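Worksheet: the structure to be examined is printed underneath.
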Amino acid sequence: MIKTNSQNFLLDFIQEISNDKIGISFHSNADLDAIASSLITYQICKKYNSNCCIDIKPGIAKESKLALKELNIDINECNSDYDKLIILDAAGLEQVLDIVSKPKKGILILIDHHSEGQLYKNSKLHYIDDEASSTTELVVTFSKELNLPLDEKISNLAILGIIFDSNKLERARKNTFESLAFLTEHGNYKKSIFIYHNIIKYFEEDLSIRIAKLKGLSRLLIGKVCKDLIIALTEIGSYESLVSNSVIQSGADVVFVIKNKESENNRISIRLSDRALLKGLDASYIAKLLGEKFHGEGGGHKGASIVSLQESENIEKEKFFSYLVNLINSMCNKSEIKNGNKEI
């Protein structure tokens with residue numbers, strides 16, 4: 001469902017970016033969707049205003065760096081402050097705290113495909129479509145409507161952004177394929193898929209990632225919820241999203257991975273299996289509840305979400321696991337009552 005505060009978002013968006021210095025940025029440790037959508041937005045911005053740049057202070061994930069290097073893409077980084085800020089692929093304030101206060105005039109524009117978090121409340125202009133497979137899909141649609149052709153490098157990167165964030169098109173919709181069709185007119189789909197497999201191979205073979213996955217599995221707390229679902233909790237210092245996926249692939253249904261690094265705020269990655277989704281569980285709703293209870297902010301998608309917690313928040317693993325078991329069981333019970341399947 002599209003959520004916006006504009007009757008004609010694209011028209012209002014162009015008016016906002018046509019003057020002053022425009023900064024473009026994304027969530028911390030930016031994945032391929034965040035990077036691709038930012039670079040396309042940069043191309044759109046350059047059509048109307050030569051004074052555009054990308055703020056990379058939140059950091060770029062390893063897979064994004066690999067793709068940028070493979071495609072030989074350079075980013076026009078911001079080297080000074082800007083007047084207006086466009087945030088892509090981020091719903092929560094916790095994800096962008098380092099940069100969200102930068103615009104001198106307080107003009108914030110948000111484009112995202114997650115369930116709305118706190119960030120949209122701080123925006124002058126926002127466009128959120130939580131049914132989209134990716135933020136890249138959204139800005140590619142904008143490019144099509146503006147008759148703005150994308151060069152081959154950016155098109156290839158955008159294909160990667162959609163493939164990764166849609167989980168190899170599992171979350172695709174009609175507009176996803178229309179966006180891919182537009183991109184393949186200007187890019188090389190086969191090259192993007194080749195790079196995709198190279199990135200996957202890197203993560204499968206990288207020693208630090210393999211160690212992180214094994215550590216995550218060795219620290220698991222495991223239980224049963226909703227009669228026949230397996231819930232699992234672990235903690236790790238890095239690669240929590242990859243560890244979450246690994247635990248799901250090992251047979252769990254509801255997975256929580258705590259990232260507890262002393263130099264950073266705690267973060268919880270949530271993943272649900274197809275079985276859990278069929279039970280009516282929603283990772284974005286779970287993340288929202290955890291954010292509210294543990295003084296942070298959570299959001300994302302039905303199958304995968306993130307909770308960012310305040311630095312001072314200390315979580316005791318065993319107590320937290322017990323809380324999660326009760327929470328998930330209560331959600332399943334409510335879902336059964338709603339669907340008329342409550343056993344007597």
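The values are calculated or read from the model by the stated rules, or taken from the named source; none is laboratory data. Being a predicted model, the structure only gives us computed values, none of them experimental. Glycine gets a Cβ as well: all are built from the backbone with ideal geometry, and neighbour counts include every protein chain shown. Only protein heavy atoms, including side chains, enter the accessible area calculation; ligands, DNA and RNA are left aside. Shrake-Rupley method; radii C 1.70, N 1.55, O 1.52, S 1.80 Å.
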May I ask you to verify whether Lys224 is open to solvent by 20 Å² or more (accessible area, probe 1.4 Å), more than 30 Å from Asn260 (Cβ to Cβ), of a type in the set (Lys, Arg) and modelled with pLDDT of 95 or more? no
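Here is a list: Ile107, Ile87, Ile24. Which entry is modelled with pLDDT of 95 or more and open to solvent by less than 30 Å² (accessible area, probe 1.4 Å)?
After applying the criteria, what remains is Ile24.
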Subset of the stretch 167-188 that is open to solvent by 80 Å² or more (accessible area, probe 1.4 Å) and at pLDDT 95 or above - its residue that is nearest to Gln43 (Cα to Cα): Phe177
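Are there any helices (runs of 4 or more DSSP H) wholly within the stretch 153-252 with 1 or more residues that are in contact (Cβ under 8 Å) with a residue 60 or more places away in the chain and out of contact with any strand residue (DSSP E or B) (no Cβ under 9 Å at 6 or more places or on another chain), and if so which?
Output list reads 189-205.
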Unique residue being in contact with a helix residue (DSSP H, G or I) (Cβ under 8 Å, 6 or more places away or on another chain) and closer than 22 Å to Glu131 by Cα when the list is Gly237, Gly298: Gly298
Lone unmet requirement of (1) touching a Lys or Arg at 6+ places or on another chain (Cβ under 9 Å); (2) of a type in the set (D, E, K, R); (3) closer than 22 Å to Asp89 by Cα for Arg173: (1)
Here's a check for you: in the stretch 119-130, which residue that is part of a helix (DSSP H, G or I) and under 23 Å from Lys302 (Cα atoms) is least open to solvent (accessible area, probe 1.4 Å)? Leu119
Checked the stretch 131-142 for anything surrounded by fewer than 24 Cβ atoms within 10 Å (Cβ to Cβ) and over 16 Å from the mean Cα position of the chain (by Cα); matches are Thr141, Phe142
Being crowded, with 23+ Cβ neighbours inside 10 Å and at pLDDT below 95: is that true of Lys57 here? no
Going through Phe164, Phe203 one at a time, which residue ends up being within 17 Å of Lys65 (Cα to Cα), surrounded by 21 or more Cβ atoms within 10 Å (Cβ to Cβ) and among the aromatic types (Phe, Trp, Tyr)? Phe164
